[in-house]
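None of the figures in this text is laboratory data; all of them are computed from the coordinates on show. The shown structure was predicted, so the numbers you read here are calculated from the model rather than taken from an experiment. Note that each Cβ is placed from the backbone with ideal geometry, even for glycine, and that neighbours are counted across all protein chains shown.
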Amino acid sequence: MKKRKRTYITEIFIVILLIFLSVFIIDGKKFYTISNDEILEHNEDLLYQSMPTAKNVELLLNKDFNHTSLYIYKLDDTYAVFSYNKSLFLNRSILNSYTYQLKDLKEYKITVSNQIYDNNFSISSVNNQIEVENNAKRNKSLPLNLINITVTVLIIISVYFVGNKLVKDNKKDE
C-alpha cells in the first residue's frame with residue numbers, strides 16, 4: 001500500500017515537473033519577473049535611479065510588437081528606450097534592454113530577440129513624432145521548442161503508463 005502511494009506521488013511530481021519544464025522551455029528559458037501592469041512603474045524607478053536629476057519625464061511611445069513591448073521616454077533633453085519580452089503564457093514580462101541618455105532619436109536601431117521573433121527596430125524622431133519600423137524574422141528557436149514539447153509529451157505519457165503498470169502490479173501482489 002505504501003509503495004503504491006509513493007509511486008503515485010512520484011509519478012504526479014514527475015508530470016508536474018515536466019509540464020513546468022516544457023512551459024519554461026517554450027517561454028524562452030527565462031523567468032518573467034515583472035507584471036505587465038507594473039512595467040510603467042518599473043520604468044520610472046529605473047529612470048530615477050539612472051538619472052536622479054531628471055525633472056520632466058514624459059512617455060512618448062508605448063507599443064507592442066510580436067511579444068515585445070517598446071517604451072520610449074523623454075527626460076528633459078534626452079531620451080530613454082526600454083524593451084521588454086512578454087511571456088507567452090503568463091501576464092508577465094522581462095526587461096530585455098534599457099538605454100538612456102540618448103541625445104537624439106534621429107536614427108536609433110535596436111535588436112530584440114524573444115521566443116519566436118528577432119525584431120530589428122529602427123526608431124526615428126521627426127518633428128517630435130516618434131516613428132518605429134520593425135523588421136521581424138522568425139528565429140530558429142521555434143522548431144527546437146516544438147521538438148522539446150514532443151519529447152516532454154512522450155516522457156509524460158511513458159511515465160504515466162509505467163506508473164500505471166507499477167500500480168497494477170502492486171495490486172496483483174496484494
Can you tell which of N139, L40, S97 lies farthest toward the positive end of the dipole of the chain, using +1 and -1 charges on the Cβ of basic and acidic side chains (Lys, Arg; Asp, Glu)? N139
Which value, in debye to the nearest 20, describes the size of the charge dipole of segment 88-164 about its Cα centre when Lys and Arg Cβ atoms bear +1, Asp and Glu Cβ atoms bear -1, and nothing else is charged? 160
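Take the Cβ-Cβ distance between L144 and E41 as r, set R0 to 41 Å, and report the resulting FRET efficiency rounded to the nearest 0.05.
Numbers: r = 35 Å, r/R0 = 0.84.
Efficiency computed from Cβ-Cβ geometry: 0.75.
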If each DSSP helix of 4+ residues adds -39,500 (n - 2.57) and the sum is divided by the residues in the chain, what number results at 222 nm, nearest 500 deg cm²/dmol? -14000 deg cm²/dmol
Taking N as the number of residues in segment 1-71, what is its Cα Rg relative to 2.2 N^0.38 Å? 1.93
Under 16 Å from the T53 label point (7 Å along Cα→beta-carbon), backbone N, segment 96-135: 101-103
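Taking the Cβ of each residue in Y32, Y100, Y73 as the centre, tally the other Cβ atoms inside 10 Å and list the residues starting with the fewest. Working shown, then result.
Values: Y32 19, Y100 16, Y73 22.
The order, fewest Cβ neighbours first, is Y100, Y32, Y73.
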Proximal lysines relative to K29, as straight alpha-carbon distance under 28 Å, when same-chain residues fewer than 8 apart are discounted: K63, K86, K109, K137, K140
Name the helices (complete DSSP H segments) of the chain with a Cα length along the long axis of 27 Å or more and a Kyte-Doolittle mean of at least -0.5, or state none. 2-26, 141-173
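Normalised by the number of residues in segment 31-139, what is the relative contact order in percent for Cα pairs under 8 Å and 6+ residues apart?
On the way: 202 pairs, mean separation 20.5, N = 109.
19 percent.
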